[in-house]
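Below is one structure, written out as structure tokens; comments come after it.
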Amino acid sequence: MSSVIENHHDDHHHGPAKGITRWLYTTNHKDIGTLYLWFSFAMFLIGGAMAMVIRAELFSPGMQIVEPEFYNQMITLHGLIMIFGGVMPAFVGLANWLVPMMIGAPDMALPRMNNLSFWILPFAFFILLSSLFMEGGAPNFGWTFYAPLSTTYAPPSVTFFIFSVHIMGASSIMGSINVVVTIMNMRAPGVGLMKMPLFVWSWLITAYLLIAVMPVLAGAVTMMLMDIHFGTSFFNAAGGGDPVLFQHIFWFFGHPEVYIMILPAFGIVSHIIETFSRKPLFGYASMVWAMLSIAILSFVVWAHHMFTVGMPLAAEIFFMWATMLIAVPTGVKVFNWVATMFRGSITFETPMLFACAFVVLFTIGGLSGLMLAIVPADFQYHDTYFVVAHFHYVLVPGAIFSIMAAVYYWIPKWSGNMYDERLGKLHFWLSFIGVNVTFFPQHFIGLAGMPRRYPDYALQFADWNMVSSVGAFLFGFSQLLFLFIVIKTVMGGKKATDQVWEGAKGLEWTVASPAPYHTFSTPPKVD
Amino acid sequence: MFLNFFKYLNKKILFVILFITAPLINADWFALNMTRGITDISNEVFELHMLIFWICVVIGVLVFGVMFYSMYAHTRKKNPVPATFDDNHKLEIAWTIIPFLILIAMAIPASKTLIKMYDDTAGDINIQVTGYQWKWQYRYLEDDVSFFSNLATDWDEINNLVPKGENYLQEVDEMVVIPTGKKVRFLITANDVIHSWWMPAFAIKQDAIPGFVNTAWTKVDVPGIYRGKCTELCGKNHGFMPIVVKVVEQDEYEEWVEIKKEEAQKLAELTTKEWTTEELVSRGQSVYEVNCVACHQTNGQGITGIFPALVGSDIVLNDKERNIEILMEGVQGAAMNSFSYLSEVEIASVITYTRQSWGNGEKGDGEVVVPKDVVDYKEPKI
């Protein structure tokens, strides 16, 4: 692949605007990508601060620093902010930056909608966070907001929560429509579907998942709104409704949502492992098929989150078998990554360290997920810290490590400067140790019998909870180092070459570093 | 003055450290795994858990083994010229098919155990379990015995004011009692929000859902006391509604049932007794502390915005009829549920308590509610 940047003839009236309006009015995919990434970083720090409150309370038995009521608000907001404010916008930011550059397009297909889909997000989270200061406090029913705890028994701020979820949903839907339209219509000549970089593939699939399930979430919260304010009884048993219906609807959204948060990570890690192994990615086609299978299967496994609600035997068995089936394509992906590294010529720069940790720790999370699929055993695991350990293993060293890896990998291209490799490695090791010390003991706590969402616990869980809290503080404060590294890199540093990484492949490495404001105004030539 | 401050600070720090570290003496560094159950089913579940666990360990060792080997042996230093292969169809087919077969090998025993667990035929003893915010009610359907089971741990222990006892947060005021060797079926439901009844030793975890009745069963052969917890977020005291089951021999069980029946009899007699205000208030206070305090607070002030204050409330001051009605029917669309499951004595006394306490007695009409009033309320209205 080779290309030339041919936009110099009209550079003079296509630079960024000056001042704040550059960011408010921007329709440039790179600016919007930057906005998304900084926004998600801010949310990651806020959600992380809430995690610190949670772990501080759980440091030892007894109620020390918060009331149970406030504790529930913390777990709820921590979950919502990390998922909808941290991980998802970070991936959308990466998609904005990378998808057009990877497929040789000048920008996203729908730039004005792109601006809108970002700029409504801060309002959604402003509303959500402002509920902390409302009478009755913030939402306190967990990020899964099961009815009727989230309807009849909810604090008044639930209405603001519903509005905020609607806005987030609208933002996600617009963002994903944009991604689909861009990928389908704006690929440079020669970039066939099966020639697209895997990150683009992963986002194409993710975008379809989002378009399919965000309206379902919107439906669920709208029904809640009706139950709360307009006298309906969708989820109220006393009025002939069905509280379990809520869970079915929620998890029909919720399970694909889980893959929405991991598929782009698969794409990122594939690129990084390929680059630093200096060897072609093993099994490109099977990677694509595996992601498609995972996405399709994600629509028929939702009730494995609800094995204890009292479903008929046949349903339990169906959802158990379907869930276990997901292990096959997921396994294929892991094997492909390992095979890519095999007999490569590997170096361990920071992005590669994060990617390797991703493969190992995500696999651990995947294996505990397999254990959770076994219904009889799930009766013992369900809603304990074993589940907390499981999904944090796939989300923190899974999704979040992949985002950090992506930042280290592409930031030279974004900023034109190399990050400080020594600090990057330090950040990696602190995070790696922190994450394992935090979440590995939670497997023990859960198996020993501690339920999740407990502000206080029996004495036999005291030791590992303390270890977990220490790990959480280490992990949490290490992220301030990440913030420092990112700012330092943006401000200056060793200039990056256009290629940046010797083993890197793809159109984004053919443009200058930092990437010019407009790239590929005329399509590159791809063989 | 300054020195004094430090002395105080040191003492306080010492105190805090003592409180934080004291539980570690009771803690168990070796509580790493699921505990083996005490019934056939829960043992089977444990075996299943260990089987999958070891399969996962073997898979992990193999995959990470190859990966770590590559990370060690295929670095740029040791292998400067990378290989160029990017697929291998035989290998890819193998690592699709083999995991598939392993999964089937795991799913078959899992399905078998599940089928056994799903026997929902009637038990020798049938107990209705109802989740409330934040306690459990048990009704023995054959014997007409019914009671509530509340957390017995003192709030002073939770708030770190006194040392924590051995069964901190795992003790209740009244245990569920079941006999050995009998099939006991639990019919699990809820009164307000969703709860979940978990007894790890029996491998039972069933959600308690308002409007639904879920079933679970067990047959225990080993007498003993078994402890479990609520496992579905149900509001602020979700962590404070434990479950304790006491398994005893059959004759001991029968004795216990007789005692419970007598207690119920005595309670019924109380309804017709002549009550003084003082008696009602003192009885009402204990009812209040168990049932009302979580929301309306000890001082009757509630929590602004969620739980209304009883102090100075118009209904509590002057509207005796509405007061009874609210306790019996609950308030539609609010967290206040019907408390009609309490006895007439309990309802009358707790209303009287709230009407007389916190200065309400002087401000309002001060009328006393007696059990007879509640009985009258329950009479069918023509």
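Here are a few things to note about the model shown:
- FRET efficiency for A:Phe477 and A:Leu132, using Cβ-Cβ distance with R0 set to 22 Å, rounded to 0.05: 0.45
- Structural descriptor for chain B: relative contact order 12 percent, calculated from alpha carbon pairs under 8 angstrom and at least 6 residues apart.
- Among the residues of B:116-123, the average count of other protein chain beta-carbon atoms within 10 Å of the residue beta-carbon is 2.
- Mean per-residue shielding of peptide A:322-332 is 4, counting Cβ atoms of other chains within 10 Å of each Cβ.
- Unit charges at the beta carbon, dipole of segment A:262-515: most positive-side option, A:Phe362, A:His390, A:Thr497: A:Thr497
- Stretchable slack from B:Glu258 to B:Thr298, in nm (0.36 nm times residue separation minus alpha-carbon distance): 10.9 nm
- Mean per-residue shielding of peptide A:147-159 is 4, counting Cβ atoms of other chains within 10 Å of each Cβ.
- Within chain B, the whole DSSP H helices whose Cα atoms reach 15 Å or more along their own axis and whose mean Kyte-Doolittle score is at least 1.0 are B:2-26, B:40-73, B:89-117.
- Each Lys and Arg contributes +1 and each Asp and Glu -1, all at the Cβ; summed about the Cα centre of the protein assembly as shown, the dipole is approximately 4500 debye.
- Put a dot 7 Å past the Cα of A:Ser521, heading toward its Cβ, do the same for B:Leu62, and the two dots end up 5.6 nm apart.
- Simple spin-label estimate for B:Val222 and B:Leu101 gives 3.8 nm between the two label positions (7 Å along the Cα-to-Cβ direction from each Cα).
- Peptide packing: for A:144-152, A:451-459, the average count of neighbouring Cβ atoms within 10 Å per residue gives the ranking A:144-152, A:451-459, highest mean first.
- Loop-located trypsin sites (Lys or Arg not before Pro) in segment B:284-382 whose Cβ has at most 12 other Cβ within 10 Å (DSSP): B:Lys381
- Zone residues, segment B:48-81, relative to B:Ile108, backbone N less than 17 Å from point 7 Å out along Cα-to-Cβ: B:48, B:51-52, B:55
- 0 to 90° range, to nearest 10: angle between helix A:198-229 axis and chain A longest Cα axis: 30
- Projected label points at B:Glu279 and A:Thr21, each 7 Å from Cα along the beta carbon direction, are separated by 8.4 nanometres.
- FRET efficiency, A:Leu245 to B:Asp40 (Cβ-Cβ, R0 25 Å, nearest 0.05): 0.10
- Gain upon complete extension [B:Asp143, B:Glu174; 0.36 nm per residue less C-alpha separation]: 9.5 nm
- Where GluC sites (Glu not before Pro) fall in DSSP loop in segment B:259-310, at most 16 other Cβ within 10 Å: B:Glu274
- Only beta bridges with both residues in the protein assembly as shown are counted; by DSSP, about 70 percent of them are antiparallel.
- Whole-angstrom gap from segment B:237-297 to segment A:283-354, using each part's C-alpha centre: 52
- Set B:Lys116/B:Lys236; A:Lys488/B:Lys78; B:Lys266/B:Lys363; A:Lys30/B:Lys77; B:Lys229/B:Lys266; A:Lys279/A:Lys525 screened for pairs whose C-alpha atoms are more than 25 Å apart: B:Lys116/B:Lys236; A:Lys488/B:Lys78; B:Lys266/B:Lys363; A:Lys30/B:Lys77; B:Lys229/B:Lys266
- Stretch gain in nm, segment A:Glu502-A:Leu116, where the contour uses 0.36 nm per residue and the Cα spacing is subtracted: 135.2 nm
- Sites B:Thr121 and A:Phe318 - FRET efficiency at Förster radius 22 Å, r taken between beta-carbons, to 0.05: 0.45
None of the figures in this text is laboratory data; all of them are computed from the coordinates on show. As the structure is a computational prediction, the values presented were derived from the model and not from experiment. Note that we place each Cβ from the backbone using ideal geometry, even for glycine, and neighbour counts take in every protein chain shown.
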